[in-house]
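I have placed the structure first, in the form of structure tokens, so that the comments after it can refer back to it.
The values are calculated or read from the model by the stated rules, or taken from the named source; none is laboratory data. Just so you know, these numbers come straight off a predicted model, no measurement behind them. No Cβ is skipped: glycine too gets one built from the backbone with ideal geometry, and neighbour counts run over all protein chains shown. Ligands, DNA and RNA are excluded from the accessible area calculation, which covers all protein heavy atoms including side chains. Shrake-Rupley method; radii C 1.70, N 1.55, O 1.52, S 1.80 Å.
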Amino acid sequence: MPLTRIVYCSELTENIGSDEIADILQVSRENNAKQAVSGVLLFNTHYFLQCLEGSRAAVNGIYCRICCDQRHHNAQLLTYGEVSQRLFSAWSMAYVPWTEATRTRIAQYSIGTEFNPYQMSAESVVKLLEELARLLLKDAG
Ligand SMILES: Cc1cc2nc3c(=O)[nH]c(=O)nc-3n(C[C@H](O)[C@H](O)[C@H](O)COP(=O)(O)O)c2cc1C
């Protein structure tokens, strides 16, 4: 089965707070681990950016389910394709804390100072994910 990566962005529905985000992360980690899916979820108060990597069937199934979720809307695929290796193999769903270090990295790949994944090129998105994976690995080790 080809290793497949999906990266999409979406907009948070109004009134989605930290409890809902914690719930999304918990359910994602449980479900994704069962299907050998790894990835990362990045968000600020307006936008989500998520990367899912695993078998083609698993990531497509999860993405379809996510698209129906009322906690966000306007999902747009940023990249989709086969990849030779995972970026987030250590995480069923990594969470990127909104620290000075991550904000600086994100700003490097964004247009303007605000994180807005809708304005990012596919190339910038992949570079940002590679950078975040390096940062997470460094923090973990
Ligand atoms: C931004 C966002 C990201 C999500 N990511 C995942 C994910 O990676 N894996 C997952 O199983 N569910 C994820 N969910 C939750 C799903 O939409 C869904 O609620 C969950 O999979 C449970 O589905 P079920 O009620 O059909 O079992 C996410 C939801 C949102 C809003």
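General observations
- Note on the stretch 3-140: with charges restricted to the Cβ of Lys and Arg (+1) and Asp and Glu (-1), its dipole about the Cα centre is near 440 debye.
- Shape category assigned to the stretch 82-141 from the gyration tensor of Cα positions, a/c cut at 1.5: oblate
- The chain - accessible surface per residue (Å², probe 1.4 Å): 54
- The simple spin-label model puts a point 7 Å past each Cα toward its Cβ; for CYS67 and MET1 those points are separated by 1.9 nm.
- Expressed as a fraction of 2.2 N^0.38 Å, the C-alpha radius of gyration for the chain is 0.97.
- Put SER121, SER18 in order of accessible area, highest first, and with a 1.4 Å probe you get SER18, SER121.
- Positive dipole terminus of the stretch 14-74, leading residue within ALA57, CYS68, SER18 (C-beta point charges): ALA57
- Cα gyration tensor shape for the stretch 60-105, rounded if a/c is under 1.5, else prolate or oblate: oblate
- Annotation: amide H of LEU3 within the under-5 Å range of VAL83, sequence separation 5 or more or interchain, hydrogens built in the peptide plane.
- Full extension of the chain between GLN119 and ASN60 gives 18.9 nm of extra length, using 0.36 nm per residue less the Cα-Cα distance.
- Computed extension length for THR13-LEU77: 21.3 nm, one decimal, from 0.36 nm per residue of separation with the Cα-Cα distance subtracted.
- Dividing the Cα radius of gyration of the stretch 30-98 by 2.2 N^0.38 Å, with N the residue count, gives 1.08.
- Share of carbon and sulfur in the accessible heavy-atom surface of the stretch 3-140 [1.4 Å probe, %]: 50
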